[in-house]
Each structure stands twice: as structure tokens, then as C-alpha cells.
Ligand SMILES: *Cc1c(COP(=O)(O)O)cnc(C)c1O
């Protein structure tokens, strides 16, 4: 215990916990699904509603530069994912942004028909890819392989390699640079979904030479429920495709009200409709937290915490049927720990009732996200102790924990 207190005292990120509103008595291990509320976001949101919208009305677009918010937010995210300024924009949802970059990538490889992905990808990414064939009226085929087989499935029939870097269920992390290199050797373009990477692990899109990337604003970036997502396009592709979602905000001159679509130069062409200023302001404010944070510090603490949780659970929860799904090797791990667990849904509900919030993923996975900005090492120990108690005392075996809610 002494040891844990020392770790918390020496933690270079410990001052950041106070920047979040965290409900009393809760250990929050679900920041990988919905980040908690940064305190400054409350004030900013109130100001945008009451002063900017309330007082400025339509003038707000110019007076408060609402119109430039997608670019400003995009540039803040760019710094976290190794992207140059002017290559990332905040817009829409991750699902829609996937459609935008996938259609762009496919248009750059018109002679190839295969979209390659893996079975660890998040379903919405796969659903969007399945739907794109009919949207584009071309006969594209989505080919799925096991995550460890992805590298060998790359060949010159593939148009696009579309992967999520960190697996939402297991926390297994792909080697983005190596897979991108292999893809490029075969003339394949790459799309990386950074939903569980941005703000969680160091990402360097530039050195990996990734072609396109997308990601989420409400997970590790703490932008609030349904926050806008982001999209990255490598600089040399920026002006080389015609957007499939050709809305007026992506037009070269939206306020000319031309009758014909002409894409804006650069990343702006990834915009579609009017930006969601209230939620984008919240994300903009949440991103200010990252101004002086080193992603290396975040990574180091994340690995130390996930190592500690794996070890503590192994020590305390023997013979409970738990099976670690997350790789032990650091270079293969994101920032979460997952177990397959008999009665996993009920176990997680009981754990939440005991004040440790993680989540459950079908069929039997209990998942714990470790977010170094506001978690303490002491929380890691308490979480493992609580899980052990829930299992040993069978606290999960109660009717109220067995009934599934709509959102798990
Ligand atoms: C969370 C997540 C999404 C979510 O997409 P939305 O459009 O925001 O609902 C997409 N892809 C991955 C990999 C995710 O983890």
C-alpha cells in the first residue's frame, strides 16, 4: 500500500485529476467509452449557450468564429495523433467519417474491389463498409480476416486496408507503422480508426505514413456524449478525391450559393453540413486539458496501471473463470484490460453497484479502461479488490443484475 501511495505522489499527471468532475465514491474505468466531464467544459458550455447563442444570435458565426471551430478543434486533435496542422477536422460521427474516407480511398484505387479489415474491428466500421457498395454502385467486397492474419492478407487485389488500431474488446493494438508499410508495398491505401487510440496511446500518423484516419471525440478526448468525431487525410491526398458526401460546408465557397458543387481545398472538403456548435464547443474546451501533457507520460502511466490491474486481478481472482484477453506485451496493448468472464454482464452490473464502473461487451467480456489523466494507482488496487469480492461473494447473482439494459 505504501508503494501505491508513493506511485501516486510521484505521478507527473496527478494534478490533472482536479480538472475533472468525478462523482464521489466512484472509480471510473469507462473513460474509453465515455470520458468524464472536465470542469471547464461546464462553464464553457454555459457561456456558449447563454452569451454566444443567447446574446449574439446569428452574429455568433462571425463574432465568436463558430464557423472556424471544426478547424480549430481539428488542429488540437492533430497534435495528439502526430498530424500536421490543416490535416484534421472535427465533424459528424466516426461512422460517417469512415464513409467519407473509405469512399475517398476507393476512388483512388478504382481498379481494385477489395476492402480488407479484421474481425476485431468495431461493427459500425464494418457495417459502413458493407453499405458502401450500394452507395457507390460498385461491386466492392469486404474481406474479413482474424487480426493476426491481416498482414498476410494484404496483396495487390486489395484497394483499402481498414483497421481499428486498438481492438475495442480485447485492447490488442496493431502495429500501425508496420501494417501501413506492408500495405503501401502492395499499393494498398490505409484507413486507421483511432477511436481507442487518440488520447490513449501515442499516435504518429505522419511517421507511419497512414493515408486516412478517423476517431472519436467522446472517449479518451472527453468531449461529452455524442461529441463530434474527427477525420485526418494525409496532405498529399487532400486535393486528390471528390468527396462522396458533398455538402455545402465542404464547398469551396459555401456562401456563394453556387448551384454546382465544387470541393473546398484541403481538409475542409470533409465537412458536410452545419457544425454542431454546442457539442463542438464542449470538445474544444475538453481538448485544452492536453495542452501541456506529454503522451509519453500518459503511455507510461497507462502501461503501469494496466500491468498492475492484470497482476492484482490474477492474484486475487484465482479459480473464478476469468480469462485475460488483453495482451501482456506492452507493444501489443492499448489502454484497457478485458477478461472473458462467466456471467460477465451480471458481474459488471454488480461491480457498478459497488462503485467501480467498467462495461460489458457481448458475449462475455468485462472491460476496464485506464485513463491516466484522472485515475490513481490506488484506484487500480481498489478496483481489483472489488472485482474479487463481487466474484467470491457472488454479489452478481441477483435478479436486478441479470436483466439487460438497452446500452451495455
Ligand atoms: C466507439 C467507436 C465507434 C463509434 O462510432 P460512432 O459513429 O461515434 O457511433 C466507431 N468505431 C470504433 C472503432 C469505435 O470504437
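The values are calculated or read from the model by the stated rules, or taken from the named source; none is laboratory data. Just so it is clear, the structure is predicted and the values come from calculations on it, not from any experiment. When we count neighbours, we look across all protein chains shown, and the Cβ atoms used for this are built from the backbone with ideal geometry, even at glycine.
Data overview
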read-out: Filter result (within 18 Å of residue 388 (Cα to Cα), out of contact with any strand residue (DSSP E or B) (no Cβ under 8 Å at 6 or more places or on another chain) and not in a loop (DSSP other than H, G, I, E, B)) within the stretch 311-348; value: 311, 312, 315, 316, 346
read-out: Criterion violated by residue 99 - all others in (1) loosely packed, with under 15 Cβ neighbours inside 10 Å; (2) in contact with a helix residue (DSSP H, G or I) (Cβ under 9 Å, 6 or more places away or on another chain); (3) within 23 Å of residue 272 (Cα to Cα) satisfied; value: (1)
read-out: Residues of the stretch 205-233 that turn out to be farther than 15 Å from residue 284 by Cβ and more than 11 Å from the ligand (Cβ to nearest atom), as a count; value: 12
read-out: Residues that are over 19 Å from residue 189 (Cα atoms) and in contact with a strand residue (DSSP E or B) (Cβ under 7 Å, 6 or more places away or on another chain), drawn from the stretch 203-223; value: 216, 217, 222
read-out: Positions within the stretch 326-336 being over 13 Å from residue 200 (Cα atoms) and surrounded by 20 or more Cβ atoms within 10 Å (Cβ to Cβ), in sequence order; value: 326
read-out: Counted residues, the stretch 234-270 - those being under 20 Å from residue 109 (Cα atoms) and either at pLDDT below 95 or in a loop (DSSP other than H, G, I, E, B) (or both); value: 10
read-out: Condition met for residue 136 (closer than 25 Å to residue 216 by Cβ and at pLDDT below 95); value: yes
read-out: Qualifying residue in the stretch 23-39 (condition: closer than 13 Å to residue 375 by Cα and in a helix (DSSP H, G or I)); value: no
read-out: Residue 274 vs. criteria under 30 Å from residue 50 (Cα atoms) and either outside the structural domain of residue 170 (by TED's automatic domain parsing) or at pLDDT 95 or above (or both); value: yes
read-out: All positions within the stretch 135-144 that are farther than 17 Å from residue 161 by Cβ and either buried (at least 18 other Cβ atoms within 10 Å of the Cβ) or free of Cβ contacts under 8 Å to residues at least 12 places away in the same chain (or both); value: 137
read-out: Index of the failed condition, residue 84 passing every other in (1) closer than 28 Å to residue 127 by Cβ; (2) under 21 Å from the mean Cα position of the chain (by Cα); (3) away from the ligand (no atom under 16 Å from the Cβ); value: (1)
read-out: Within the stretch 173-183, tally of residues that are crowded, with 21+ Cβ neighbours inside 10 Å and within 17 Å of residue 195 (Cα to Cα); value: 3
read-out: Scope the stretch 177-204; condition within 16 Å of the ligand (Cβ to nearest atom) and in a helix (DSSP H, G or I); matching residues; value: 179
read-out: Selected residue (only one of 60, 25, 74, 35 is on the phi > 0 side of the Ramachandran plot and touching a residue at least 12 places away in the same chain (Cβ under 8 Å)); value: 25
read-out: First in the stretch 117-134 and within 10 Å of the ligand (Cβ to nearest atom), second anywhere and assigned to a strand (DSSP E or B), Cβ under 6 Å, 6 or more apart; value: 121/164; 122/164; 125/193
read-out: Of all residues making up the stretch 293-317, the number that are free of Cβ contacts under 8 Å to residues at least 24 places away in the same chain and in contact with a helix residue (DSSP H, G or I) (Cβ under 6 Å, 6 or more places away or on another chain); value: 0
read-out: Among (1) under 19 Å from the mean Cα position of the chain (by Cα); (2) over 20 Å from residue 369 (Cα atoms); (3) in a loop (DSSP other than H, G, I, E, B), the one test that residue 279 misses; value: (3)
